[in-house]
Amino acid sequence: MPEMSPHDAPGDDAPESGNLVRLAPGVSVRPGVLRFTFVSSSGPGGQNVNKRATRAVLRVRLDDLPLPPGARGRLRRLASRHLASEKGELVIAADEYRSQGRNRAACVERLSELVERSLRAPKPRRATKPTKGSVERRIAAKKRRGETKRRRRTSDD
């Protein structure tokens, strides 16, 4: 099956074919899984803003993405601000461009970046121990500071 880049994502009116939208290495979805809607955009564009619905809103259910179990949880954390509360649906919007096609591609690109980041397992943190020399230096510095304070005391204390 041929794969497509995020910039070649077909719209809602594209016929369901064997083409897949590639989101990350090893993660591809059917175009029908990505649901796009278009609404009026804000920002520059003159009267075009008032006449055209160019803001793209991408909706995709997390359950529809073929991700490993660990990646699904990481994606949920990474995209927490994009999640629709009760549906488990990811909502990504783009309105930087004046055309639906470019805004649609921007949405798919953002989804692709989130999926790629979720596939990378975080580097495990390993507990470290201070060196013997650093412990000795710290204790010696504390002793010096305590001695300085002790010398400042008056004999009445």
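The values are calculated or read from the model by the stated rules, or taken from the named source; none is laboratory data. The model shown is predicted, which means the values in this text are computed figures rather than measured ones. A quick note on method: Cβ atoms are made from the backbone with ideal geometry, for glycine too, and the neighbour counts reach across all protein chains shown.
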Within the range 29-39, is there a residue that is crowded, with 17+ Cβ neighbours inside 10 Å, at pLDDT below 75 and in contact with a Ser or Thr (Cβ under 9 Å, 6 or more places away or on another chain)? yes
Is it the case, given these coordinates, that Ala94 is in contact with a Cys (Cβ under 6 Å, 6 or more places away or on another chain), free of Cβ contacts under 8 Å to residues at least 60 places away in the same chain and surrounded by 11 or more Cβ atoms within 10 Å (Cβ to Cβ)? yes
Are any residues in the range 92-119 touching a strand residue (DSSP E or B) at 6+ places or on another chain (Cβ under 6 Å) and not in a helix (DSSP H, G or I), and if so, which ones? Ile92, Ala93, Ala94, Asp95
Any hit, the range 120-135, residues being surrounded by fewer than 10 Cβ atoms within 10 Å (Cβ to Cβ) and in a helix (DSSP H, G or I): yes
